1. Taking segment 212-227 on its own, how many of its residues are open to solvent by 80 Å² or more (accessible area, probe 1.4 Å), under 22 Å from ASP100 (Cα atoms) and outside any strand (DSSP E or B)?
2. Determine, yes or no, whether PRO184 is under 30 Å from LYS365 (Cβ atoms), touching a helix residue (DSSP H, G or I) at 6+ places or on another chain (Cβ under 6 Å), in contact (Cβ under 8 Å) with a residue 12 or more places away in the chain and not in a strand (DSSP E or B).
3. Condition first: touching a Gly at 6+ places or on another chain (Cβ under 6 Å) and under 21 Å from LEU123 (Cβ atoms). Now tell me which residues in segment 62-92 satisfy that.
4. Give the residues of segment 557-584 that are part of a strand (DSSP E or B) and open to solvent by 20 Å² or more (accessible area, probe 1.4 Å), sorted by residue number.
5. Among (1) assigned to a loop (DSSP other than H, G, I, E, B); (2) open to solvent by 10 Å² or more (accessible area, probe 1.4 Å), where does GLN203 come up short?
6. Could you check, for segment 515-527, whether at least one of its residues is at pLDDT 90 or above and among the aliphatic types (A, V, I, L, M)?
7. Take the residues in segment 194-252 that are among the acidic types (Asp, Glu) and touching a residue at least 40 places away in the same chain (Cβ under 8 Å), then tell me which one is nearest to SER62 (Cα to Cα).
Amino acid sequence: MILNYFKIAWRNLFRNRGYALINIVGLSISMAAVALIALWIQNEMAYDRSYPTTDRLYQAYSKDDFDGKPEIWGSTPGPLTAAMKSDFPEVEDAVRVIGDNELLTVGEKRLNIDGAVTDAGFLQVFGLPIISGNAATALTNPKGIVITKTLGENLFGTEQPLGKTIRVNNSEDREVTAVIEDIPRNSSFHKSFYFLPYDFVIQQRGNDWDRSWTANNFKTYVLLKPDVNFERISSKIKNIIPTHTESSGDPVKTKIVLHPASKWRLYSKSENGELVAGEISHVWQMGRVALFLLLIACINFMNLSTARSQKRAKEVGIRKVAGATRKSLIFQFLGESVLLSFLSGIIAFILALIFLPSFNLLLDKELVFHIDNWTFWLFSLGFILFTGLLAGSYPAFFLSGFKPIKVLNGAFTNSKSKVFNLRKILVVVQFSLAILFIISTIITRQQTEYAQHRDMGFNEKNLVYISLNDEMKAHFQIIKKELLDQGIATSITQSLGHMAKISSDGWGFSWDGSTENDKKQDFIWLSSDADFIKTMGVQLVAGRDIDIYNYPSDSTATLLNEKAVQTMGLKNPIGAIIRNGSDQWHVVGIVKDFIIGSPYEPIDPLMIQGPASWFNYINIRLNPNNSIAENLKKAAVIFKENNPMFPFEYSFTDESYGRKFKTEETIGELGGIFSGLTIFIACLGLFSLAAYTTETRRKEIGVRKVLGAPVFVVVTLLSKDFLKLVGIAFLIASPIAWLLMSHWLDDYQYRISISWWVFVGTGIGSILIALITVSYHALKAAIANPVKSLRTE
């Protein structure tokens with residue numbers, strides 16, 4: 001019987017090649033899309049979960065109230081790790097980490113590359129696999145360095161790196177004390193290619209740099225001992241900072257919150273002092289998209305199978321008369337759908353492999369199908385089986401339920417049956433999902449473009465920034481003079497951070513008229529030596545720019561933005577004194593608000609301090625009268641002469657700023673692609689249903705034409721039912737889309753208002769698409785010769 005079922009299934013496929021092809025195309029496209037989405041979801045869910053210690057690993061977050069609002073952030077003070085290890089026996093180890101970028105030199109090979117500075121226990125806390133060296137001692141050598149396998153190959157080729165010397169920043173030699181495996185891309189440390197011992201920080205910044213309980217300069221990671229109760233240790237550890245500062249007379253009220261490694265990626269959004277769903281929302285969003293795509297393709301299968309049920313009715317009747325049970329018939333029809341699903345799965349796998357490189361390019365990932373892993377094939381077979389059972393479930397139960405007497409005496413009909421109404425419902429569901437996708441994609445795109453076109457308050461064009469090193473700092477005046485004299489740049493300034501990202505912030509400031517609560521007001525920090533306004537292209541509202549060269553006292557000068565003046569309540573801000581401990585800053589100018597943080601959020605209070613602060617970037621306003629390529633080529637020569645040991649590396653501010661929209665742009669692009677697939681698959685089903693409807697009404701159309709019905713009337717007759725269904729789908733999808741997108745937009749303080757024309761345009765577009773899809777068969781039937789339609793067999 002199984003062989004008989006198989007033969008019947010193949011015969012039906014070949015006998016109804018057109019309908020089978022439509023089913024296979026719809027299923028294979030949706031299954032390929034689902035496979036790619038599942039691969040991305042698996043990668044996201046595996047983020048920071050590859051460490052052997054993941055289940056016991058946590059990051060310490062700081063939590064405090066500012067202006068009456070709770071805030072939480074991922075940086076912590078330097079003394080925290082030692083206090084954790086000494087105060088809590090539940091803590092196995094704790095390490096500080098600070099990002100780093102150094103020039104590494106071996107012979108003629110030079111690499112300016114990212115890494116990190118950390119405590120001795122880092123490799124053991126994270127359980128990073130060691131190729132050579134000792135994890136316990138690798139970072140205890142104050143003159144050592146730990147490198148990844150790839151970095152070792154880039155610097156030493158095929159030689160064994162362990163024990164060899166790397167020159168750091170052309171100023172000191174360090175011994176390779178360990179080589180570790182490359183860190184996976186779905187790890188928070190995937191951009192760290194080397195690790196320096198903590199003594200490097202002290203060497204660079206002094207012994208006092210890490211002793212303050214108020215300077216949050218580090219990320220702190222905590223490894224708990226096995227079987228430690230997380231809730232209990234969390235409640236004990238949260239007050240560690242107030243406990244250690246209460247004797248100072250001015251205790252710090254900042255609390256410590258432990259955040260598990262499994263949630264670093266997915267639950268990293270700060271909201272009302274809590275870490276809530278961040279990337280996990282995108283995971284659920286794409287998961288729903290995958291489910292809907294698969295559902296729409298399965299609906300096509302159900303619709304076509306039940307629509308063509310009359311052609312299988314006699315087969316079912318004869319099988320039942322011959323003794324077939326309903327159970328065996330269900331097994332037969334499910335087997336046919338699984339066979340179709342299997343064929344679709346093969347095509348889907350080929351499509352997924354073809355489009356995987358483009359998918360990776362869009363997401364900036366390196367996703368791969370692990371075809372050498374048995375779990376991949378087990379999951380794939382399970383997915384194919386699930387799809388086949390889902391698609392064939394209703395048709396199998398429907399077809400197997402035919403009454404043999406009615407079928408064999410010709411009394412069987414389903415034109416007015418419940419299944420016809422079910423097909424209508426399924427078509428409505430298909431187009432409701434498609435319309436929902438389209439509306440969501442349009443609104444996502446609008447929100448992204450709205451933020452992109454927001455007035456940033458500074459001129460990002462022709463503005464580049466370059467990371468400062470010690471040699472560059474020593475030759476800065478020479479570099480600046482040559483860039484200006486040769487007409488490469490129109491203005492230059494040094495700064496703390498650049499204009500495309502918040503690099504530093506702080507609190508604890510006071511001024512005349514301030515209260516104790518004002519000390520908890522957070523300010524963004526920038527800095528400048530001169531020409532900040534001219535270089536950055538911001539607008540001066542009052543006063544003047546910082547200029548250390550003409551005003552030596554400007555070493556402690558500061559500029560405020562309008563938001564800072566408003567927040568501080570300064571009526572006459574020029575000349576005001578702002579205090580921070582023993583430091584005093586005098587206000588020399590007010591600048592118009594500009595965006596340096598998220599373009600979706602309100603502007604924060606900001607201070608631009610003089611050279612008594614510190615610098616880590618050079619910002620260059622390139623001469624617009626020359627081409628960018630010409631400016632950069634000449635600048636490279638100047639930097640090579642004055643900074644010969646370091647490569648000339650620069651970044652464009654507008655490109656860095658544009659990366660803030662990367663997530664929304666990617667989601668928008670994916671939404672557009674999947675919306676297109678959704679409407680395409682839905683139209684495949686509509687196309688085949690229209691063909692079948694036209695075929696079943698062939699004689700009716702012939703009679704109408706003989707009686708004088710024009711082409712327009714016939715086309716309208718065949719199209720109106722389908723257009724009604726699309727209209728109903730629009731009425732259902734529109735309020736759902738409005739509710740969902742309103743909720744999504746609530747996450748943005750700088751946001752669009754949902755426009756009515758989005759819904760009207762989508763509705764008209766959907767009806768036109770459906771009309772075009774149906775009209776082919778409608779026109780074909782309307783212009784057919786009625787003689788052929790009415791001719792008897």
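The values are calculated or read from the model by the stated rules, or taken from the named source; none is laboratory data. Please read all numbers here as calculations on a predicted model, not as lab measurements. Virtual Cβ from ideal backbone geometry, glycine too; neighbours counted across all protein chains shown. With ligands, DNA and RNA removed, areas are computed over all heavy atoms of the protein, side chains included. Shrake-Rupley method; radii C 1.70, N 1.55, O 1.52, S 1.80 Å.
1. So the count comes out to 1.
2. Judged against the criteria, PRO184 is not a match.
3. None - no residue of segment 62-92 is touching a Gly at 6+ places or on another chain (Cβ under 6 Å) and under 21 Å from LEU123 (Cβ atoms), so the list stays empty.
4. Once the filter is applied, which keeps residues that are part of a strand (DSSP E or B) and open to solvent by 20 Å² or more (accessible area, probe 1.4 Å), segment 557-584 yields ILE577, ARG579, ASN580, ASP583, GLN584.
5. Exception for GLN203: condition (1).
6. Looking through segment 515-527, at least one residue is at pLDDT 90 or above and among the aliphatic types (A, V, I, L, M).
7. ASP210
Residue-by-condition table, conditions (1) in contact with a Leu (Cβ under 7 Å, 6 or more places away or on another chain); (2) of a type in the set (Gly, Ala, Ser); (3) within 29 Å of ASN643 (Cβ to Cβ):
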{"position": "THR137", "(1), (2), (3)": "no, no, no"}
{"position": "LYS149", "(1), (2), (3)": "no, no, no"}
{"position": "ASN154", "(1), (2), (3)": "yes, no, yes"}
{"position": "ASN170", "(1), (2), (3)": "yes, no, yes"}
{"position": "PHE189", "(1), (2), (3)": "no, no, yes"}
